[in-house]
1. List the lysines whose alpha-carbon lies under 19 Å from that of A:Lys18, not counting same-chain residues fewer than 8 positions away?
2. Can you give me the orientation-averaged projected area of the convex hull built on the Cα atoms of the protein assembly as shown, in nm²?
3. Any chance you could give the angle, 0 to 90 degrees and rounded to 10, that helix B:82-91 forms with the longest Cα principal axis of chain B?
4. Please state the shape class of segment A:1-133: rounded when a/c is under 1.5, otherwise prolate if a/b exceeds b/c and oblate if not, all from the C-alpha gyration tensor.
5. Is it possible to state the helix-based mean residue ellipticity at 222 nm for chain A, with each DSSP H run of 4+ residues giving -39500 (n - 2.57), the sum divided by total residues, to the nearest 500 deg cm²/dmol? What is it?
6. Counting only protein heavy atoms and a 1.4 Å probe, tell me what percentage of chain A's accessible area is made up of carbon and sulfur.
7. Can you bin segment A:95-135 into rounded, prolate or oblate? Criterion: square roots of the alpha carbon gyration tensor eigenvalues sorted a ≥ b ≥ c, rounded for a/c under 1.5, prolate for a/b above b/c, oblate for the rest.
8. Which Cα, out of A:Pro27, B:Pro185, A:Ser4, lies furthest along the positive dipole direction of the protein assembly as shown (beta carbon charges, K/R +1, D/E -1)?
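The values are calculated or read from the model by the stated rules, or taken from the named source; none is laboratory data. Just so it is clear, the model here is predicted, and its values are computed rather than measured. Cβ placement follows ideal geometry from the backbone for every residue including glycine, while neighbour counts extend to all protein chains displayed. All accessible areas refer to the heavy atoms of the entire protein, side chains included, with ligands and DNA or RNA removed. Shrake-Rupley method; radii C 1.70, N 1.55, O 1.52, S 1.80 Å.
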Number of protein chains: 2
Amino acid sequence: MRISELSRHSGIPVATLKFYIREGMLPRGISSSPTSAEYGDDHLVRLRLIQALSEVRGLPLAKVRDILAIIDDPDSGETNDPVHTMGEAVAALPPYVEADSDSPRAIAALDAIGFTYDTDYAAVAQLDSAIRAVENAGLPWDTNVLRRYADAMTEVARQELAPVPEQTAADAVTYAVLGTALFEPVILALRRLAHHHLLVQQRDEEHEPTASTS
Amino acid sequence: MRISELSRHSGIPVATLKFYIREGMLPRGISSSPTSAEYGDDHLVRLRLIQALSEVRGLPLAKVRDILAIIDDPDSGETNDPVHTMGEAVAALPPYVEADSDSPRAIAALDAIGFTYDTDYAAVAQLDSAIRAVENAGLPWDTNVLRRYADAMTEVARQELAPVPEQTAADAVTYAVLGTALFEPVILALRRLAHHHLLVQQRDEEHEPTASTS
């Protein structure tokens, strides 16, 4: 299809499509004449991904570009190393905290739960900043609270990383990078909905006399 | 202390402190003369909370004000109802998705896991938008994936809502509202760190021959 049709199918203005092409976020179409190019379904798929990251996830375009570059060329680092690729992806995601070699709260927490960590990995500074906010707000923060969240997230991560036999290495990287970005809003919405569900249950139990008290 | 000292102790400019007072986010000091007022430790505590919500959590000031208003007067709704109060708090938190009575993906998911829900509750539209992004990115979305996250978050929410005997009702609301806002970055950072921890373990296991193969 021509770029005007790609615009109509995707609902994205032609000027925006040309911007994505210039920025390397959308591959060029195949030249069909000196003045026009052909676009295909792959382009529509890529546009849906850009929209998922920018509109739904709310990432700035520069960060969307970083994540697309990681997916398109996961080996751009020195080594074909998933630990390195995931580190790059996490650094492209909010919260954008200054990497800080001195993250005392995060390091104490990670030591307490026995995680292997690397202070260059952006999530260490992210955790440190998150714990500082919890403490500043006067919320409880101790090993029990830490374990509540660490145990739940370790179990989630274990299931997420369970090898999928038919997956190629490139698919695994795409899944890991996009999964990190796009399952986060799902997780937070479900926690909020679980609170709602449990609070409604508690309220109904208080208002309905139970067999033993009636 | 005078406002100049409050500024020095908190590191926040006097002009910003006056703005917080005008906006009702920081209580006025106690007038000690027609031209000056006294501030105390309560003011420093409140300023740390504002910083936690605005700087670390990254909330816009209007939303910080909404959350402080909920904490200060949890009964401002018709009823002293934690379900209602939590609903207000969740609506003040990102992602700011248009409330949509038509959230087919979220409703299908909530029915599948047997949650009680109310389509006016902001997290329903938030979940719908999050699932749409997952689907648009081509990530797997089925009942198994849903349960992975729902089970983990139900267990977390159950522990978070376990009644604390010495807690007053007002403390419980503060804890619930701030906990919703401020434990979210902790949860996401720990998931990212769990991925890192497990990926490093996997890599080391691949590189070190095990007893059975050596």
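1. A:Lys63
2. If I average the Cα hull's projected area over directions, I get 28.7 nm².
3. Here the helix axis deviates by roughly 80 degrees.
4. Since a/c reaches 1.5 and a/b is larger than b/c, the shape of segment A:1-133 is classed as prolate.
5. The per-residue figure over chain A is -20000 deg cm²/dmol.
6. Exposed carbon and sulfur together represent 50 percent of the surface.
7. oblate
8. A:Ser4
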